[in-house]
Amino acid sequence: MELNEKLIGTGVALVTPFAPDKNVDYKALVKLVTHVTKGMVEYVVVLGTTAESVTLTKEEKQKVVATVVQTVLGKVPVVLGMGGNNTQDILDDLKDPYELKYVDAILSVSPYYNKPSQRGIYEHYKAIAQKSSKPVILYNVPARTGSNISAETTLKLAKDFKNIIGIKEASGNLEQCMKIIKNKPKEFMVISGDDLLTLPMVACGAQGVISVAANAFPKDFSTITRMILEGNMEEAKRLHYKLTDIIEQLFADGNPAGIKAALEILGICKSGLRLPLVNVNPETQKKLEELIKSYKIG
C-alpha cells in the first residue's frame, strides 16, 4: 500500500505529556500513543504544534520520536513535524537527523513571523522538497504563522514536486480548500487541520484530518472520518454533533491547553504545559469536566 493510501483518514497531532516538574513524561506518552492506536486512528503526528515542539530540546525531541516509534511498532505510519522560519536550519536538520530514519513523512509548517511573500513560501518549500529524503506534507495555519499559503502556491508546489504529497489545510477557508481539491494532481492529499471543519472538508473531497481532539476521542473521531469517506453522512453527522461542544471547549483557551485538560480528566496524562503556555481557566476546566463526564463513546 502506498503511503498516500495509508494516510487517508485520521491522523493525531500528539501532545507531549509533561510531569509536574515539567520534564517530558515518557510513560504517559506511551499510554497516550497506545490509547490512540487502540482507537484505530490511521497515523500519528509527532513534534507538531500541538506537541509544544518549540519548547523541547534536541535530545528531548529525539527521545520523544524514539518513544513514539517504539510504541507504534510499525502498526501505523509516523509523521514528523519539521518546520520553522529559518529555511537553512530545516535544511541542516534534513542532512542526517536522527529522527528521519524512523518516520514515514514530514509535516512542515509554513514559515511564521517572517511573513514571506508567496514566492518566498514557494522557494522555502522548494528547498525542503529538494533536500528531503522523506515525503513532505505542507502545513498552512495562518492564525499561527501570520501568512497564508494561497491555493495557487499550493497547487504549483503540488505539480512541481512529486515528493510534496499533500497539505494540512488549517486556514478555515473552505473556498480556498475547494479550489485546491478541484485543481490538484490526483495523488496529492488535502488534509483538514480543523477538527470542526473535518466533516465539510472531507465531504468536499479532502482525504482526512490531522486531529487534536483525537488525542482524547480517537475511536469516535476516526469513525466520523471513515464514515464521511464511505458516504455514510447521517451517522457521521450524529457523531460529529456529539463532539462539537467538547471540541469548542478544547480550543476556548488555546491549543494544546484544552486537549491536555481533557486528557487529564480522562486519566491519560497530566495537563501541564511549558511557558509561555498556561493551563485553561477554571470556567473552561469546569465545562470540559461536565461535558466529558456526560459523554458516551460511540
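Scanning region 129-171 for residues that are hydrophobic (A, V, I, L, M, F, W, C), closer than 19 Å to M82 by Cβ and out of contact with any Phe, Trp or Tyr (no Cβ under 9 Å at 6 or more places or on another chain) returns a single hit, I137.
Can you tell me which of D160, D194 is closer than 16 Å to V109 by Cβ, among the charged types (D, E, K, R) and without any contact (Cβ under 8 Å) to a residue 60 or more places away in the chain?
Values: D160 fails: closer than 16 Å to V109 by Cβ.
On inspection, the qualifying residue turns out to be D194.
Results for (1) buried (at least 19 other Cβ atoms within 10 Å of the Cβ); (2) of a type outside the set (D, E, K, R); (3) touching a Phe, Trp or Tyr at 6+ places or on another chain (Cβ under 7 Å); (4) closer than 23 Å to A216 by Cα, shown as yes or no for each residue.
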site: Y43; (1), (2), (3), (4): yes, yes, no, yes
site: N85; (1), (2), (3), (4): no, yes, yes, no
site: Y102; (1), (2), (3), (4): no, yes, no, no
site: S117; (1), (2), (3), (4): no, yes, no, no
site: Y122; (1), (2), (3), (4): yes, yes, no, no
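Pairing residues of region 126-143 that are surrounded by 16 or more Cβ atoms within 10 Å (Cβ to Cβ) with residues that are acidic (D, E), at Cβ distances under 9 Å and at least 6 apart in sequence or on separate chains, gives K126/D160; A129/D160; K134/D104; P135/D104; L138/E169; Y139/E169; N140/E169; V141/E169. Residues in region 105-115 that are assigned to a loop (DSSP other than H, G, I, E, B) and either touching a strand residue (DSSP E or B) at 6+ places or on another chain (Cβ under 7 Å) or surrounded by 19 or more Cβ atoms within 10 Å (Cβ to Cβ) (or both): 2 in all.
Close contacts from region 28-54, counting a first residue that is closer than 19 Å to N255 by Cα and a second that is in a helix (DSSP H, G or I) and of a type in the set (S, T, Y), with Cβ to Cβ under 7 Å and a gap of 6+ residues or different chains, come to L29/T67; V33/T71; L47/S53.
Residue by residue, here is whether (1) surrounded by 21 or more Cβ atoms within 10 Å (Cβ to Cβ); (2) closer than 20 Å to T10 by Cβ holds:
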| site | (1), (2) |
| --- | --- |
| E234 | no, yes |
| L250 | yes, yes |
| G258 | yes, yes |
| E264 | no, no |
| I268 | no, yes |
| V280 | yes, no |
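Could you say which residue among D89, D21, D93 is assigned to a loop (DSSP other than H, G, I, E, B) and among the acidic types (D, E)? Before the answer, list the steps.
Working: D89 fails: assigned to a loop (DSSP other than H, G, I, E, B); D93 fails: assigned to a loop (DSSP other than H, G, I, E, B).
Among D89, D21, D93, only D21 is assigned to a loop (DSSP other than H, G, I, E, B) and among the acidic types (D, E).
Within region 56-71, track down each residue that is in contact (Cβ under 8 Å) with a residue 24 or more places away in the chain, of a type in the set (V, I, T) and over 18 Å from C269 (Cα atoms).
To start, the set of residues in region 56-71 that are in contact (Cβ under 8 Å) with a residue 24 or more places away in the chain comprises 56, 60-69, 71.
Okay, now just the ones that are also of a type in the set (V, I, T), so 64-65, 67-69, 71.
Within region 56-71, just V69 meets the criteria.
Of everything listed in (1) within 18 Å of the chain's Cα centre (by Cα); (2) more than 18 Å from L14 (Cα to Cα); (3) in a loop (DSSP other than H, G, I, E, B), the single unmet condition for G254 is (2). Just one of (1) in contact with a helix residue (DSSP H, G or I) (Cβ under 6 Å, 6 or more places away or on another chain); (2) closer than 20 Å to K134 by Cα; (3) not in a loop (DSSP other than H, G, I, E, B) fails for G84. It is (3).
Can you tell me which residue among T50, T34 is in a helix (DSSP H, G or I), closer than 30 Å to G120 by Cβ, at pLDDT 95 or above and touching a Ser or Thr at 6+ places or on another chain (Cβ under 9 Å)?
Numbers: T34 fails: closer than 30 Å to G120 by Cβ.
Checking each option against the conditions leaves just T50.
A residue that is under 30 Å from I246 (Cα atoms) and part of a helix (DSSP H, G or I) can be found somewhere in region 160-175. When region 190-216 is filtered for residues that are within 17 Å of A13 (Cα to Cα), outside any helix (DSSP H, G or I) and of a type outside the set (V, I, T), the ones remaining, listed by number, are S192, G193, D194, Q207, G208, S211, A216.
Going by the conditions given, is D220 of a type in the set (D, E), closer than 30 Å to C204 by Cβ and surrounded by 19 or more Cβ atoms within 10 Å (Cβ to Cβ)?
Against the criterion (of a type in the set (D, E), closer than 30 Å to C204 by Cβ and surrounded by 19 or more Cβ atoms within 10 Å (Cβ to Cβ)), D220 qualifies.
The values are calculated or read from the model by the stated rules, or taken from the named source; none is laboratory data. Bear in mind that the values here come from a model prediction, so they are computed numbers and not experimental data. Every residue, glycine among them, receives a Cβ derived from its backbone with ideal geometry; neighbour counts consider all protein chains shown.
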